[in-house]
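Engineer: Sharing a structure with you now.
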Amino acid sequence: MALLLALGAAGLPALAQGSKIWRCGNEYTNNPGPDPLGRGCREVQGGNLTIVEGTRVPPPAATPPTGNGGAAAAPAARNGTERVGAGEQRQRDAEARRILEQELQRAQQRLEQARADYADGKPPRLANERTDWPRYQARVDELRARVERAEADVAALQRELARLPPAEGR
């Protein structure tokens, strides 16, 4: 019996090696259909490939409407069929804008500080860097990276603000 199991297990890898695995975007398949190259699929070469499918989260249950004529606060939208009122959406947008504007101010302050520390690539040397050029250069590179990160943060926040609807009363 053990001999049959050993022979059967030895034959399984040979069967698996016969089928090709294709990557079509984020999907891996052994059946890409007709014209896989036309769909943008690539054959996966070499190495073993293990795909573990994640668990699916069940959709939240719909909340029943209140029986008091809508006097209670409306629940937040959970799926595509529920909608929030225009007034509530304006409040949400205004709050999002306020938070983003505060974050933008902090990011601009961090950028100003980073640029001051960087000093156009020529920051003053520290005491331990006077005779150690590589240490000084590493600090300059770190300061430049800090400036670039701060610039990227400011640009990202400005893009997010631009995506929001215009603020009322401005």
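Engineer: Report, by residue number, each residue of the range 123-150 that is open to solvent by 60 Å² or more (accessible area, probe 1.4 Å), free of Cβ contacts under 8 Å to residues at least 12 places away in the same chain and part of a loop (DSSP other than H, G, I, E, B).
Structural biologist: Listed by number, the residues that qualify are P124, R125, R130, T131.
Rundown of residues vs (1) at pLDDT 90 or above; (2) farther than 17 Å from E151 by Cβ; (3) touching a helix residue (DSSP H, G or I) at 6+ places or on another chain (Cβ under 8 Å); (4) in a helix (DSSP H, G or I), yes/no style:
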residue: G80; (1), (2), (3), (4): no, yes, no, no
residue: V84; (1), (2), (3), (4): no, yes, yes, no
residue: Q91; (1), (2), (3), (4): yes, yes, no, yes
residue: E95; (1), (2), (3), (4): yes, yes, no, yes
residue: R98; (1), (2), (3), (4): yes, yes, no, yes
residue: E103; (1), (2), (3), (4): yes, no, yes, yes
residue: A107; (1), (2), (3), (4): yes, no, yes, yes
residue: E112; (1), (2), (3), (4): yes, no, no, yes
residue: D117; (1), (2), (3), (4): yes, no, yes, yes
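Engineer: Is it true that D153 is surrounded by 11 or more Cβ atoms within 10 Å (Cβ to Cβ) and touching a residue at least 60 places away in the same chain (Cβ under 8 Å)? Can you show your working first?
Structural biologist: Working: surrounded by 11 or more Cβ atoms within 10 Å (Cβ to Cβ): yes; touching a residue at least 60 places away in the same chain (Cβ under 8 Å): no.
Considered against the rule, which asks whether it is surrounded by 11 or more Cβ atoms within 10 Å (Cβ to Cβ) and touching a residue at least 60 places away in the same chain (Cβ under 8 Å), D153 comes out as no.
Engineer: Every residue in the range 9-49 that is touching a strand residue (DSSP E or B) at 6+ places or on another chain (Cβ under 7 Å), open to solvent by 90 Å² or more (accessible area, probe 1.4 Å) and either in a strand (DSSP E or B) or modelled with pLDDT of 85 or more (or both), please.
Structural biologist: Answer for the range 9-49, where residues must be touching a strand residue (DSSP E or B) at 6+ places or on another chain (Cβ under 7 Å), open to solvent by 90 Å² or more (accessible area, probe 1.4 Å) and either in a strand (DSSP E or B) or modelled with pLDDT of 85 or more (or both): just R42.
Engineer: Of the residues E168, E160, E101, which is loosely packed, with under 12 Cβ neighbours inside 10 Å, acidic (D, E) and in contact (Cβ under 8 Å) with a residue 12 or more places away in the chain? I'd like the intermediate steps shown before the answer.
Structural biologist: Numbers: E160 fails: loosely packed, with under 12 Cβ neighbours inside 10 Å; E101 fails: loosely packed, with under 12 Cβ neighbours inside 10 Å.
The unique qualifying residue is E168.
The values are calculated or read from the model by the stated rules, or taken from the named source; none is laboratory data. Just so it is clear, the model here is predicted, and its values are computed rather than measured. Note that we place each Cβ from the backbone using ideal geometry, even for glycine, and neighbour counts take in every protein chain shown. With ligands, DNA and RNA removed, areas are computed over all heavy atoms of the protein, side chains included. Shrake-Rupley method; radii C 1.70, N 1.55, O 1.52, S 1.80 Å.
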